[in-house]
Amino acid sequence: MTTLKSAGIISMGGYLPAKEVPRNKRKQLVEFLKKETLLYPEYINEIEEKGQLPGRIETNYEGWESQPWFDAWLERIPPKKRDNPFQGAKERRRVPMDPVSLRKSLRPHPMLSSDAETLACALAIFSGGVNKDEIDLVLCSSLVPDLHVPLNGSLVQHKLGLKNAGAYNVDTCCSSFVTMLEIAMTYVRMGVKKKVLIVGSSLDSIINDKSSYFGVYIGDGAAAAVVGEVEEDCGYISSYSSSMGERHKAIIFQKRKPEILATTQQGPTYEQEFVTFYNQELCKEIAHNAAHDMAEVVRKALAKTEYGAADIDFFVCHQPVPWAANAWREAVGVPLEKFYESFEKYGNMAVASAPTNHLEAVEQGLIKEGDKVIIASSGVGENHIALFHRVSPQLIKNNRL
């Protein structure tokens with residue numbers, strides 16, 4: 001009979017454009033990135049020269065209010081949203097432009113997702129002082145992969161020089177990070193893997209239709225974690241997931257033109273894949289059932305244990321729209337002081353949202369050693385998952401600012 005190990009998060013890393021790198025870690029981080037990754041020098045130089053992760057902060061004024069098409073945009077959004085068009089979002093993060101495309105293309109493109117994922121992973125490895133040779137698996141989820149085939153997993157493994165690691169991709173859309181946590185912790189508990197590196201990215205800059213009303217609260221980011229054996233009584237406690245495939249076509253990627261567009265007959269159509277609220281009735285069904293569906297997966301995860309909602313020390317989740325995170329918190333029954341969300345700063349970063357909230361709660365001392373934490377997320381498709389774990393001293397040591 002296999003004796004299960006204690007498996008949990010050892011360290012985390014978040015690539016959040018323009019986030020400050022602590023002064024006492026900058027030099028060592030720059031040296032690590034130069035030596036241990038295949039990231040372009042331009043990305044690393046920004047950390048060295050500016051003391052912040054590459055990219056910028058986009059405000060509502062910069063992205064919309066200052067634009068000549070702002071009035072046309074305002075006219076197109078639903079009437080009930082015009083008095084508060086930004087719906088609580090004040091800013092979002094944007095990745096830098098890809099340096100090779102700047103030099104070699106008439107139409108340069110933003111940073112590739114594999115580079116954002118590599119940087120997030122490097123930050124997790126660096127923060128934990130993890131021996132790269134001990135990482136034997138990479139799990140990756142990219143909202144916008146570099147290519148549809150092959151996906152990014154093996155490319156991230158290559159850019160990090162993880163010579164002993166296999167790699168594959170996992171996709172449950174925005175809930176993918178929590179799904180990967182469940183898989184990684186299971187592998188380590190069973191002794192199948194020693195250390196698993198997981199990463200999820202959402203680079204909205206590549207696919208964002210600014211003329212859509214929901215474009216104001218979608219931003220860029222990537223988050224990673226190293227999962228390994230942790231102290232006894234720490235790590236994985238339970239989890240539960242559900243899927244509702246009947247809602248599959250609610251929100252999709254669709255090749256189409258931007259919603260605001262005036263072209264000439266001879267000019268380009270600017271068609272590309274954009275996030276699209278495709279089936280409005282299904283979207284309404286998702287919104288109507290959101291609180292119930294999240295509370296249900298949390299309840300069923302807790303039902304596998306001796307604990308109840310009152311035993312949750314901290315709750316972090318996805319933040320797809322302005323109202324969702326707090327609605328989920330209330331449905332689960334967690335008080336405000338045991339909760340963290342970052343919608344005003346980052347908006348919706350899809351697969352990177354829940355882990356970013358978890359990481360920043362650790363950095364700020366809101367999550368402490370031994371805390372029993374629920375991390376939960378929804379994902380279009382439609383998927384829900386909740387994972388219950390006890391925080392290892394290793395994570396607090398490695399990621400507390």
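No value in this document is a laboratory result; all are computed from the given coordinates. All figures in this text were calculated on a predicted structure; none of them were measured in a lab. Counting neighbours? That spans all protein chains shown, and the Cβs are built from the backbone with ideal geometry, glycine included.
For the range 237-399, the Cβ-based charge dipole about the Cα centre amounts to some 240 debye (Lys, Arg positive; Asp, Glu negative; other atoms uncharged). Loop-resident trypsin sites (Lys or Arg not before Pro) (DSSP state other than H, G, I, E or B) in the range 151-241 with no more than 13 further Cβ atoms inside 10 Å of their Cβ: LYS163.
For the chain, what are the DSSP H helices with axial Cα length of 18 Å or more and mean Kyte-Doolittle hydropathy of at least 1.0?
Length and hydropathy pass: 176-190.
Please compare each pair in LYS19/LYS90; LYS34/LYS193; LYS90/LYS257 to a cut-off of 23 Å on the Cα-Cα distance and tell me which ones are over it. Table pairs above 23 Å Cα-Cα are LYS34/LYS193; LYS90/LYS257. Over all orientations, the chain has a Cα convex hull whose mean projected area works out to 20.3 square nanometres.
Only the Cβ atoms of Lys and Arg (+1) and of Asp and Glu (-1) were treated as charged; on that basis the dipole of the range 29-74 about its Cα centre amounts to roughly 180 debye.
The calculated FRET efficiency for ARG26 paired with LYS368, based on their beta-carbon distance and R0 = 25 Å, is about 0.40.
Take every pair of alpha-carbon atoms less than 8 Å apart whose residues are at least six positions apart; their mean separation over the length of the chain yields a relative contact order of 22 percent.
Among ILE367, ILE237, ILE260, the residue with the largest mean-square fluctuation in a Gaussian network model of the chain, with springs joining Cα atoms closer than 10 Å, is ILE260. Each of THR276 and ASP83 was given a label point 7 Å from its Cα along the Cα-to-Cβ line. The distance between the two points is 3.3 nm.
Among LYS50/LYS338; LYS35/LYS132; LYS27/LYS104; LYS304/LYS338; LYS25/LYS372, which pairs are too far apart, with a Cα-Cα distance over 24 Å?
Working: LYS50/LYS338 34 Å; LYS35/LYS132 13 Å; LYS27/LYS104 31 Å; LYS304/LYS338 22 Å; LYS25/LYS372 29 Å.
Check vs 24 Å cut-off fails for LYS50/LYS338; LYS27/LYS104; LYS25/LYS372.
Which distance in Å, rounded to a whole number, links the C-alpha centroids of the range 155-184 and the range 118-140? Cα centroid of the range 155-184 versus Cα centroid of the range 118-140: 11 Å apart. The magnitude of the dipole of the chain, with charges of +1 and -1 set on the Cβ of Lys/Arg and Asp/Glu and taken from the Cα centre, is near 540 debye. Fully extending the segment from GLU134 to MET244 would add 35.9 nm, taking 0.36 nm per residue of separation and subtracting the current Cα-Cα distance.
If you stretched the chain out fully between THR305 and GLU48, how much longer would it get, using 0.36 nm times the residue separation minus the C-alpha to C-alpha distance?
Working: separation 257, 0.36 × 257 = 92.52 nm, distance 4.68 nm.
Separation in residues times 0.36 nm, less the Cα-Cα distance, equals 87.8 nm.
Among the GluC sites (Glu not before Pro) within the range 232-296, which fall in a DSSP loop and have no more than 16 other Cβ atoms within 10 Å of their own Cβ? Write out the running numbers ahead of the final one.
Working: sites: GLU232, GLU246, GLU259, GLU271, GLU273, GLU281, GLU285, GLU296; in loops: GLU232, GLU259, GLU271.
Taking the range 232-296 and a limit of 16 other Cβ atoms within 10 Å, the loop GluC sites (Glu not before Pro) found are GLU232, GLU271.
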